[in-house]
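Asker: One structure is given below, represented as structure tokens, and several questions about it will come after.
What follows is calculated from the coordinates using simple rules that are stated; it is not laboratory data. This is a predicted model, so every value here is computed, not measured. With ideal geometry, Cβ positions are generated from the backbone for all residues, glycine too; neighbour counts draw on all protein chains shown.
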Amino acid sequence: MKSTLRIACSRSHLQQVRDFVRDYLNSRNLPEITVNQVVLAIDEVVANFIIHANGEDETQFLDLKLAFSQHELNVEIADNGETIYLPGTHQSPDLRAYIKEGRKGGMGMALVNRLMDRVEFFTRGNHTVCHLSKHLA
Amino acid sequence: MKVTAQPSADTLTLLLDGELDASSAIVLDTELAKPDILNYRKVLVDCAKLSYISSAGLGVFISHLQRFQDANVKLVFFNMQEKVFNVFEILGLDALMTIVPSAAEAEAA
């Protein structure tokens, strides 16, 4: 089973990322909603890496690694760019204000924080790395 | 992601087909941004074939909601798959948007 993926920093590769995660989780017989939640969390972080950390520069790339340790899924997403990207926690977006302002963004990391058990961003050399984990029965 | 618009009297039904993410959200945004859409009384969004939504997709709906409300256009979602509804629920958007189970309830909303 393929557990690593490298993609260029283009949002056109997000579908490939989601298909990769779904294929990886398929053998675990997890509920559809659980699989979708993990796929969503990874998709959100990867989209942020592509758009905000790497400015959709297709000469840059991201590496994804998925691994299970017993019932815990561990995800690593690392970029190759030189810009350090450390997003805030964004726990509770004010959605009524977002609607009033006609705002499009600002919910992705709030979703990730609610969907995963652990969310960590850190630097490795000049690169940004994100670790996500979630207990999956 | 495919968006099909079906106009009928004072109602516009949008059929969403595929996965709505940071790459495809522009297709929906373009449809919702059309000035003529505010001539309808209702915009019904058929989500039967919407198999995935990310925050970028949610953001498109959120960004047009106030404009619709100001023009007295009601935005109603129906036929939503459970895993997609779950994403609305996680953020609490199910309390701020009109989401009903069926086409009949959407037409009556």
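Asker: Sorted from fewest to most neighbouring beta carbons within 10 Å, what does the list A:His52, A:His131, B:His64, A:His71 look like? It would help to have the intermediate numbers written out before the result.
Answerer: Working: A:His52 14, A:His131 17, B:His64 23, A:His71 10.
Fewest to most other Cβ atoms nearby, the residues stand as A:His71, A:His52, A:His131, B:His64.
Asker: What distance in nm separates the simple spin-label points at B:Ala5 and A:His52, each placed 7 Å from Cα in the Cβ direction?
Answerer: The two pseudo-label positions are separated by 3.2 nm.
Asker: Okay, moving on. Residues of A:105-116, mean number of Cβ from any other protein chain within 10 Å of their own Cβ, rounded to a whole number?
Answerer: Shielding by partners across A:105-116 averages 3.
Asker: Work out the mean other chain Cβ neighbour count within 10 Å for the residues of A:43-54 and drop it here as an integer.
Answerer: On the way: counts 7, 5, 0, 2, 6, 2, 0, 2, 2, 0, 0, 0.
Other-chain Cβ atoms within 10 Å of each residue's Cβ, averaged: 2.
Asker: Any chance you could run the full-extension gain for A:Thr59 through A:Thr83? It's 0.36 nm times the residue separation minus the Cα-Cα distance, nm to one decimal.
Answerer: Difference between extended and current length: 7.2 nm.
Asker: In a solvent-free Debye calculation with one equal scatterer on each Cα, what is log10 I(q)/I(0) for chain A at q = 0.20 Å⁻¹, listed in the order of the q values?
Answerer: Treating every Cα as an identical point scatterer, log10 I(q)/I(0) equals -1.23.
Asker: Something else: In terms of Cα to Cα distance under 18 Å, which lysines are near enough to A:Lys2, apart from those fewer than 8 places away along the same chain?
Answerer: Cα-Cα hits under 18 Å: A:Lys65.
Asker: A further question on this structure: Let me make sure I get this right: for chain B, a, b and c are the square roots of the gyration tensor eigenvalues over alpha carbons, sorted descending. Under 1.5 in a/c it's rounded, otherwise prolate if a/b > b/c, else oblate. Which is it?
Answerer: rounded
Asker: At B:Ala33 and A:Asp117, where each label point lies 7 Å from the Cα along Cα→Cβ, what is the point-to-point distance in nanometres?
Answerer: In this crude spin-label approximation the distance works out to 4.2 nm.
Asker: On a full-extension model of 0.36 nm per residue, what is the gain between B:Ala71 and B:Arg41, subtracting their alpha-carbon distance, rounded to one decimal in nm?
Answerer: Contour length minus the Cα-Cα distance gives 9.9 nm.
Asker: Assuming R0 = 22 Å, can you tell me the calculated FRET efficiency for the pair A:Glu32 and B:Asp94, based on Cβ-Cβ distance, to the nearest 0.05?
Answerer: Step by step, r from the Cβ atoms, then E = 0.75.
Asker: Same structure again: Averaged over all directions, how much area does the convex hull of the C-alpha atoms of the protein assembly as shown cover when projected, in nm²?
Answerer: The directionally averaged projection comes out at 13.3 nm².
Asker: What order do you get for A:Lys104, A:Lys2 when you list them from fewest to most C-beta neighbours inside 10 Å?
Answerer: A:Lys2, A:Lys104
Asker: Per 5 Å bin, what is the whole-percent P(r) computed from every C-alpha pair distance within the stretch A:60-103?
Answerer: Values per bin, smallest distances first: 5, 14, 13, 13, 14, 16, 16, 8, 2.
Asker: Next up: Roughly how many nanometres apart are two label points built 7 Å out from the Cα toward the Cβ at A:Asp94 and A:His135?
Answerer: 3.5
Asker: Using only atoms on other chains, find how many Cβ atoms lie within 10 Å of each Cβ of peptide B:65-76 and report the average. Each step should come with its number before you reach the end.
Answerer: On the way: counts 5, 6, 2, 0, 2, 0, 0, 0, 0, 0, 0, 0.
The shielding value for this peptide is 1.
Asker: I've got another one for you. Go through A:Lys100/A:Lys134; A:Lys104/B:Lys42; B:Lys2/B:Lys42; A:Lys100/B:Lys2; B:Lys2/B:Lys83; A:Lys104/B:Lys83 and tell me which ones have a Cα-Cα distance over 25 Å in this structure. Could you put the intermediate results ahead of the total?
Answerer: On the way: A:Lys100/A:Lys134 34 Å; A:Lys104/B:Lys42 22 Å; B:Lys2/B:Lys42 20 Å; A:Lys100/B:Lys2 28 Å; B:Lys2/B:Lys83 19 Å; A:Lys104/B:Lys83 22 Å.
Checking Cα-Cα distances, A:Lys100/A:Lys134; A:Lys100/B:Lys2 exceed 25 Å.
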